[in-house]
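What follows is a set of notes on a single structure, which appears directly below.
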Amino acid sequence: MGKSSSGKDTIYEEVLCREELGLKPFIMYTTRPIRAKETDGVQYHFVTVEKLHEMQEKRQVIELREYDTVYGKWYYFTADGDSIDMERSNYLALGTLVSFQKVRDYYGEDRVVPIYIEVDDGNRLERALKRERKQAVPKYEEMCRRFLADQKDFSEENIRAAGVKRRFRNNADRQICMDEVAAFIAREISHS
């Protein structure tokens, strides 16, 4: 987890590909529009609001976040699907502090460990702008809203309250950060 444009998606994809870790993807859900270069079922399960309601009725939703964006309400959520077997496999997930806490509470503190990626704000803003410029229809206003919202959502107080003790800095050489994250995961797996 980390603020927007911290590089968490890239780190997630790279670490997930490291066969020696044997990780499976724990894919979250969203109702927001799919972005360029995203694939349904890879970065997120892109679903309709109706599908979200159906999953809520089936009590599959672990946590749900609602964002009032400049394009309307977007929902991000975590669901316990048929493909999740925490007893037989180790998973890697992307999320927020809130989603981490809910998933940890749902599956147990001994099964869910936080990995927090942090980047200086200037670097994050540059990365966000570069990514948004690549979109067919850039959403700069939404980019700014997310940047400011993350300042509150990932405040030092919230990070401490979530129990995040270890941070991984991703300001310079992304490969170093990825290697540190992978080594941390390998240690955690060997202790479980």
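Confirm whether K58 is of a type in the set (K, R), under 14 Å from the mean Cα position of the chain (by Cα) and over 22 Å from E141 (Cβ atoms). Spelling it out, it is not the case that K58 is of a type in the set (K, R), under 14 Å from the mean Cα position of the chain (by Cα) and over 22 Å from E141 (Cβ atoms). Among the residues of segment 63-77, is there at least one that is within 23 Å of F154 (Cβ to Cβ), crowded, with 16+ Cβ neighbours inside 10 Å, among the basic types (K, R) and in contact with a strand residue (DSSP E or B) (Cβ under 8 Å, 6 or more places away or on another chain)? Yes, because at least one residue in segment 63-77 is within 23 Å of F154 (Cβ to Cβ), crowded, with 16+ Cβ neighbours inside 10 Å, among the basic types (K, R) and in contact with a strand residue (DSSP E or B) (Cβ under 8 Å, 6 or more places away or on another chain). For segment 4-36, filtered to residues that are of a type in the set (A, V, I, L, M) and outside any helix (DSSP H, G or I), the residue that is farthest from N123 (Cα to Cα) is L23.
Only one entry in E87, E66 is acidic (D, E) and over 17 Å from K3 (Cα atoms), namely E87.
Within the span defined as segment 30-38, every residue fails to be crowded, with 16+ Cβ neighbours inside 10 Å, touching a residue at least 12 places away in the same chain (Cβ under 8 Å) and either within 23 Å of E156 (Cα to Cα) or touching a Lys or Arg at 6+ places or on another chain (Cβ under 7 Å) (or both).
Going through (1) touching an Asp or Glu at 6+ places or on another chain (Cβ under 7 Å); (2) touching a residue at least 40 places away in the same chain (Cβ under 8 Å); (3) surrounded by 17 or more Cβ atoms within 10 Å (Cβ to Cβ); (4) of a type in the set (A, V, I, L, M, F, W, C) one by one, F46 falls short only on (2). Looking across segment 19-56, the residues that are among the aliphatic types (A, V, I, L, M) and either more than 30 Å from A186 (Cβ to Cβ) or at pLDDT below 95 (or both) come down to I27, M28, I34, A36, V42, V47, V49, L52, M55. Picking from residues in segment 105-122 that are surrounded by 16 or more Cβ atoms within 10 Å (Cβ to Cβ) and in contact (Cβ under 8 Å) with a residue 24 or more places away in the chain, the one that is farthest from V164 (Cα to Cα) is V119. Just one of the listed residues (E63, E87) is free of Cβ contacts under 8 Å to residues at least 40 places away in the same chain and either in a helix (DSSP H, G or I) or of a type outside the set (A, V, I, L, M) (or both), and it is E87.
Selection of segment 66-82 for residues being in a loop (DSSP other than H, G, I, E, B) and not aromatic (F, W, Y) yields V70, D80, G81, D82.
The residue list L52, L16, L21 contains one member that is more than 21 Å from G163 (Cβ to Cβ) and in contact with a Pro (Cβ under 8 Å, 6 or more places away or on another chain), which is L16.
Within segment 162-192, the residues that satisfy the criterion of being of a type in the set (G, A, S), modelled with pLDDT of 95 or more and in a helix (DSSP H, G or I) are A182, A183, A186.
The values are calculated or read from the model by the stated rules, or taken from the named source; none is laboratory data. Quick caveat, the model's predicted, so the values are computed rather than measured. Here the Cβ is made from the backbone with ideal geometry for all residues, glycine too, and neighbour counts use every protein chain on show.
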